[in-house]
1. When you check Y108 against the structure, is it aromatic (F, W, Y), open to solvent by less than 40 Å² (accessible area, probe 1.4 Å), in contact (Cβ under 8 Å) with a residue 40 or more places away in the chain and within 28 Å of I375 (Cβ to Cβ), yes or no?
2. Return the only residue of F397, F319, F310 being more than 23 Å from the chain's Cα centre (by Cα) and either more than 30 Å from S445 (Cα to Cα) or of a type in the set (K, R) (or both).
3. Would segment 332-346 turn up any residue that is within 16 Å of the ligand (Cβ to nearest atom), more than 17 Å from the chain's Cα centre (by Cα) and of a type in the set (F, W, Y)?
4. For segment 211-329, give me every one of the helices (runs of 4 or more DSSP H) that falls completely inside it and has 2 or more residues that are at pLDDT 90 or above and within 16 Å of the ligand (Cβ to nearest atom).
5. Examine segment 419-431 for a residue that is touching a Pro at 6+ places or on another chain (Cβ under 8 Å), closer than 30 Å to T156 by Cα, crowded, with 19+ Cβ neighbours inside 10 Å and of a type in the set (F, W, Y), and state whether such a residue exists.
6. Of I151, I185, I160, which residue is under 27 Å from S365 (Cα atoms), open to solvent by 70 Å² or more (accessible area, probe 1.4 Å) and touching a residue at least 24 places away in the same chain (Cβ under 8 Å)?
7. Among the residues in segment 202-221, are any closer than 27 Å to L321 by Cα and open to solvent by 30 Å² or more (accessible area, probe 1.4 Å)?
8. Just checking, does segment 351-373 include any residue being touching a Leu at 6+ places or on another chain (Cβ under 6 Å), free of Cβ contacts under 8 Å to residues at least 40 places away in the same chain and in a helix (DSSP H, G or I)?
Amino acid sequence: MAIQTSTERGSWNSRLGFILAAAGSAVGLGNIWGFPTKVATEGGAAYLIIYLLCTFLIGFPVMVAELSIGRASRRNPVGAFKALSNNKFFPLVGLWGVICGVMILSFYSVIAGWAFGYAFEEIFYFLGWTQMADLLTDTGNGWKNALLAVIFMLATIKIITGGVSDGIEKATKTMMPLLVGIIVIMILYVLTQDGAMDGVREYLLPDFSRITTDLIFSAMGQAFFSLSLGMGALITYGSYLSKKENIPQVAAFVTLADVGIAFLAGLLIIPAMYVARSAGIEIFVGDQLASSTDLVFQILPALFHTIGGFVGVTLGVVFFLLLSIAALTSTISLLEVPVSYVIDEHQMERSKAAWLVGLGVTFISVVIAFQTSLIGSFSYIFSDLGLPIGGLLICLFIAFVWKKEEALNELEHGFPTIKQSLFAKVWPVFLYVICPAAIAYNIISNFL
Ligand code: TRP
């Protein structure tokens, strides 16, 4: 997308460009850090199943909703609700999204910093510089966390100042296939190790008695987070989307790519945990997996170290660099939301807006870097709770304010036969009933 001024709005270079950017936004730490951690600590295969249901039955319809609101209005989330109706309440929903974006980004950048640091940890470990390696594995070290998070934020701000550009499209195009490739190689390796089959069983054989309201709540939040939904990131990305695109088709592709990578990450990490256990690494407290935010960051390096030698270090470095790029294409989408809001609604120039908002977020990141226990509460409030609430309101907006006819008119661009299709019959049912009811039920039962 070219640099955007207030009169001219950028757009994606190509069809693939948009898909890559949206998939780049979706695929990130949520897939490789968040999802396996939650599977491990909250219910194994039972969690996987509920997560898949949430993704396809709730996430996908909401994704189509966000993209169509964005493309119809060509605005940031606050402006979009203003442009499509006179309703005074919904712009506040957009604002809530902007706030969630800022807050999610502030802790996300700390975790992204860990991932980036681990690329160097692998090298130092290989060279035998154990002190340096240990420093990078110490997720409690505030100064180190802060330094890495700041580097990460600066990279994000730098890219955003140039507009959501070629950069993301290119980075995503090479990163994603490589990331999948390396994960598959690692899976094949892990599956040959002692103990791996216990992990595969845990991941794929559901014990339905583990499904609780807590599990469903967490899986729903995870689905929204992983698909980048509920706060207007895809309203914003949709605002740059061409009328030629078939939105439901694009959304289906992005959803499948995101779920596919999360599924593979689980298939790698859950068995790897059991392998680590049979190698005597303490990842269990009693019968329960130790639940901690850095679980994945303990397991993966241990795995690269057991592969050892030049192969181990190369796989490790490449993996963590790819993970950092995946995280970067996600932080870009998180920062783009508040930045496009400031550009559109406060008529600020792009690079000024990017620095202003970006440095504000960086400040919060530094606080979190020293106080990593905040990550849990931030992700509860702004992700697990904030995103599904945003998604619920987006459904209600289309159902009762903007109206489904208008939404379908928008979707007709790029999908001319939509009104005769099954999609046009089924999607509204999801927006009117299924998504709002499921989300509301889930949140209420979590509070009770
Ligand atoms: N989906 C990304 C991940 O899985 C994180 C992310 C990027 C996000 N943009 C978002 C989450 C917008 C919620 C909303 O890592």
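1. yes
2. On inspection, the qualifying residue turns out to be F310.
3. Scanning segment 332-346, I find at least one residue that is within 16 Å of the ligand (Cβ to nearest atom), more than 17 Å from the chain's Cα centre (by Cα) and of a type in the set (F, W, Y), so the answer is yes.
4. 213-226, 233-238, 247-278
5. no
6. I151
7. no
8. no
The values are calculated or read from the model by the stated rules, or taken from the named source; none is laboratory data. Since this is a predicted model, take the numbers as computed values, not measurements. No Cβ is skipped: glycine too gets one built from the backbone with ideal geometry, and neighbour counts run over all protein chains shown. Heads up: the accessible areas ignore ligands, DNA and RNA and are worked out on the full protein's heavy atoms, side chains in. Shrake-Rupley method; radii C 1.70, N 1.55, O 1.52, S 1.80 Å.
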